[in-house]
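Inspection log for the structure reproduced underneath, given as structure tokens.
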Amino acid sequence: MISVAIVEDEHLAARELENNLLSLRPDAVHIKVKLENVSQAVAWFSENEVDLIFMDVHLGDGNSFSIFEQIELKTPVIFTTAYDQYAIQAFKQCSIDYLLKPIDEDDLEQALNKYDDMFVKPKSVDIESLQNSLQSIIGGQKYQERFMVSRGDRILSLDLDQVSYFMADGKACYLFSKDGTRYLFDGTLANLEKKLDPNIFFRINRKFIVSYSSIIDMVYYSKTRIKLNLKPTCEEAMDAIVSQDRSSDFKKWLNQ
């Protein structure tokens, strides 16, 4: 049984969400508490816990993100709102999904399935990842810190803190620096991905590896895909869309 808290200042919206949850998962969901504002949420979560929180962004006494500034809240959150400009801020918290009002029942079902996949269903052991983790602990794995690139007939070596993102274009691979310069990089994204610090970089699709600092904001491109606005901007960066099979891992990466 999943214990759920609903943080919503509109009584009708809270009741509708509760009814939909109980309709979708009648034997698996228990609504433990319904809270109406930031102050109630801070007081209740300071003393109590649940398995999952549905939280509206706009509450009567302020923005719900202020809750995370007042208390340490590690419970998975599914944010609900009528606005989409808060997506990147939501994913920086403990968010596993972001539902736009009025909430579609299919979207709600997908969000619950995502919670099940992340926190309920037993995970299979990834032997390769386990071996890599052990190697990192034992051998003190080091990630690449400098990158040899070229521009015209010039050859340069760029430090890690100068790198914004990498892009594949056909057989060529390019490095975009934070000052907006595009350099030719000798390598492939597949090989490069293994050498980059996964806390800093993430491969969102076959074409892009992005750094966390390169993301200006994000919007939903479809129900399961996210489009990134990157800096520096370029025409090719319009393809910076997190692939469907990477969306779940991408959200975990934002939350780590």
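The values are calculated or read from the model by the stated rules, or taken from the named source; none is laboratory data. Small disclaimer: the values here were computed from a predicted structure and weren't measured. Note that we place each Cβ from the backbone using ideal geometry, even for glycine, and neighbour counts take in every protein chain shown.
Set side by side, the residues M167, M218 differ, and just one is more than 19 Å from K114 (Cα to Cα), in a strand (DSSP E or B), over 19 Å from the mean Cα position of the chain (by Cα) and hydrophobic (A, V, I, L, M, F, W, C), which is M167.
Taken as a whole, the condition of being part of a strand (DSSP E or B), at pLDDT 85 or above, in the same structural domain as E8 (by TED's automatic domain parsing) and over 21 Å from the mean Cα position of the chain (by Cα) applies to V33.
I want to confirm something. Restricting to segment 148-170 and keeping residues that are of a type in the set (V, I, T) and touching a Leu at 6+ places or on another chain (Cβ under 8 Å), which single residue is surrounded by the most Cβ atoms within 10 Å (Cβ to Cβ)? Filtering segment 148-170 for residues that are of a type in the set (V, I, T) and touching a Leu at 6+ places or on another chain (Cβ under 8 Å), the one surrounded by the most Cβ atoms within 10 Å (Cβ to Cβ) comes out as V163. Of all the numbered requirements in (1) on the phi > 0 side of the Ramachandran plot; (2) touching a Phe, Trp or Tyr at 6+ places or on another chain (Cβ under 7 Å), M167 misses one, and that requirement is (1). When F119 is tested against the conditions (1) modelled with pLDDT under 55; (2) closer than 20 Å to R246 by Cβ, the lone failure is (1). Just one of the numbered conditions (1) in contact with a Phe, Trp or Tyr (Cβ under 8 Å, 6 or more places away or on another chain); (2) surrounded by 21 or more Cβ atoms within 10 Å (Cβ to Cβ); (3) of a type in the set (A, V, I, L, M, F, W, C) is not true of I71: (2). Screening T233 on (1) without any contact (Cβ under 8 Å) to a residue 12 or more places away in the chain; (2) surrounded by 14 or more Cβ atoms within 10 Å (Cβ to Cβ); (3) of a type in the set (S, T, Y) shows it passes everything except condition (2).
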